[in-house]
Amino acid sequence: MNKKKWLNKIRKILRDPRARIVGIAVMVLYYIVYLISIDHLFFQQGSFEVFVVESPLTRMFALRAPFVWEPVAAVTLWEVRIFIAPMNLLLGGILAILVGVNIMVAVFGYRFRKMCRIDTRYGLLGILPSFLTGFACCAPTFLIALAPALGSFAVYFISLQPFLIPASIVLLVGAFSWSVKQLPIG
């Protein structure tokens, strides 16, 4: 498929109000859940407060775990506290956008499902890789609870932890590309 035709399909998807609303809602929800899952967003009693660590530029790239960077600032606004780690915010944004555009394609393609015999379930499968990201930051905790049931598989899963987020990104991009290619619009 040529580049112009592919971009035309993406423009049509982004212009569809229903797909855009659902996709943006999923993006925002995913981003919030992602930040909560890495313990960078939580709810507590408080008022307005801002805290910045010493030498934030040097600490910005310090890893706490695979694909989880140290926060360089904290902002409390009423009941919400967010730790600012630029790399986590960027990674969470990329993942949220990829999940959202996969949902947009699935919602947009839903109207063509009977006319062109498109199975929309496969479009929705595009978001499944994003669930790997939630486990990637919490794999040890997640596996401690399930270790008796998983047995030796738990150790194997922990060793895969550093590869789950890159795999999720590759799978989300692949699912998006495949889903857009399947749409019968020009």
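Laboratory data are not the source of any read-out in this text; all were calculated from the coordinates shown. This one's a predicted model, so the numbers in the text were calculated from it and none came from an experiment.
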Q) Karplus couplings for the stretch 67-73 from phi (6.51 cos²θ - 1.76 cosθ + 1.60, θ = phi - 60°), rounded to Hz, Gly and Pro as x? A) 6, 10, 9, 5, x, 10, 7
Q) Using modelled amide H (1.01 Å from N, peptide plane; none on Pro or chain starts), what sits under 5 Å from the amide H of residue 69, excluding residues fewer than 5 places away? A) 64, 88
Q.
Amide H of residue 85 versus every other amide H placed in the peptide plane: which residues, excluding those fewer than 5 positions away on the same chain, fall under 5 Å?
A. 72
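Looking at the calculated P(r) for the stretch 1-103, what percent of the C-alpha pair distances fall above 20 Å?
Above the 20 Å cut-off, the stretch 1-103 has 52 percent of its Cα pairs.
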